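The values are calculated or read from the model by the stated rules, or taken from the named source; none is laboratory data. Quantities reported herein were computed from a predicted structural model and do not represent experimental measurements. Note that each Cβ is placed from the backbone with ideal geometry, even for glycine, and that neighbours are counted across all protein chains shown.
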Amino acid sequence: MAKTAKKTATTPDLFGSATSSARRLSAKEARPKPALSSAEGNYTARDIEVLEGLEPVRRRPGMYIGGTDEKALHHLFAEVIDNSMDEALAGHADFIEVELSADGFLTVTDNGRGIPIDPHPKFPKKSALEVIMCTLHAGGKFDSKVYETSGGLHGVGVSVANALSERMEVEVARGGKLYGMAFERGIPQGKLKDLGRTPNRRGTAIRFKPDAKIFGPKTAFKPARLFKMARSKAYLFGGVEIRWSCDKA
């Protein structure tokens, strides 16, 4: 009768001694850590750049207005007039004037409530006007209590037009007084100024000129294109009169 052969090979012990595992772990830990490569050593926290205020807009205008071509240039006008249209849609304005001067400045004036000029709750050292003009996504159109309908809700805001303008001047007639503030390439040129009394006027006037450093040396608004854009706004809402004027070049 055949005898059953005995197994001579030993089966691996999965629950072997802890000392051998520890010995292997210690050997693994004992290996020297690889030194940082020159590329890693040259990439530190100091290389992380933080862009503040409107600097990101000037650095990457294409992210905000789609480029720096003629279409993008005229998008600045759309952002500015949308603020006036929002006042009209909310029933606070019925007149908007668009004026293109021979010096390349474009002025949009409305008879709305006027941009608030009191200190902003989150930035008590700044007027609400400065916050709106210098902060991305700042404005009343995000609050349904302020604007139930907003033409500029999906835009990038007047602050982008400010950032990409060589100069922007804002006047606000509110509460019987006139206030003014100027900016250059998005940077305030002083604090909000009290320009005196104006009892028979209210609204906002924004005068600006696109920056040739952004849009090129031949930067200039096209009168026909501005007129067409303004006319389309008037068609959208019959409750507002939009007056257009253009100086001879």
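The table below gives the values:
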read-out	value
Residues being part of a loop (DSSP other than H, G, I, E, B), touching a residue at least 40 places away in the same chain (Cβ under 8 Å) and small (Gly, Ala, Ser) - total across region 176-206	1
Region 210-238, subset touching a Gly at 6+ places or on another chain (Cβ under 8 Å) and part of a loop (DSSP other than H, G, I, E, B), residue surrounded by the fewest Cβ atoms within 10 Å (Cβ to Cβ)	220
Counted residues, region 154-175 - those being assigned to a loop (DSSP other than H, G, I, E, B) and farther than 16 Å from residue 106 by Cα	5
Number of the exception - residue 131 against (1) at pLDDT 90 or above; (2) assigned to a loop (DSSP other than H, G, I, E, B)	(2)
Some residue of region 102-110 being over 20 Å from residue 167 (Cα atoms) and surrounded by fewer than 17 Cβ atoms within 10 Å (Cβ to Cβ)	no
Selection count, region 239-249, where residues are outside any strand (DSSP E or B) and in contact with a strand residue (DSSP E or B) (Cβ under 9 Å, 6 or more places away or on another chain)	2
Evaluation of residue 230 against (1) of a type in the set (A, V, I, L, M); (2) over 18 Å from residue 110 (Cβ atoms); (3) modelled with pLDDT of 95 or more (one fails), failing number	(2)
Of all residues in region 169-182 being of a type in the set (A, V, I, L, M, F, W, C) and touching an Asp or Glu at 6+ places or on another chain (Cβ under 8 Å), the one that is nearest to residue 119 (Cα to Cα)	181
Residues that are basic (Lys, Arg) and at pLDDT 95 or above, drawn from region 134-171	167
Lone unmet requirement of (1) part of a loop (DSSP other than H, G, I, E, B); (2) farther than 21 Å from residue 71 by Cβ; (3) modelled with pLDDT of 95 or more for residue 125	(3)
Single residue of region 180-209 satisfying the filter (more than 16 Å from residue 107 (Cα to Cα) and touching a helix residue (DSSP H, G or I) at 6+ places or on another chain (Cβ under 9 Å)) that is surrounded by the most Cβ atoms within 10 Å (Cβ to Cβ)	186
Odd one out for residue 16 among (1) in a loop (DSSP other than H, G, I, E, B); (2) over 30 Å from residue 135 (Cα atoms); (3) at pLDDT 60 or above	(3)
Leading residue by the ranking (nearest to residue 238 (Cα to Cα)) among those in region 42-64 that are at pLDDT below 95 and in contact with a Lys or Arg (Cβ under 9 Å, 6 or more places away or on another chain)	54
Any pair with Cβ under 9 angstrom, 6 or more apart, that starts in region 223-249 at a residue that is without any contact (Cβ under 8 Å) to a residue 40 or more places away in the chain and ends at one that is exposed (fewer than 15 other Cβ atoms within 10 Å of the Cβ)	234/241
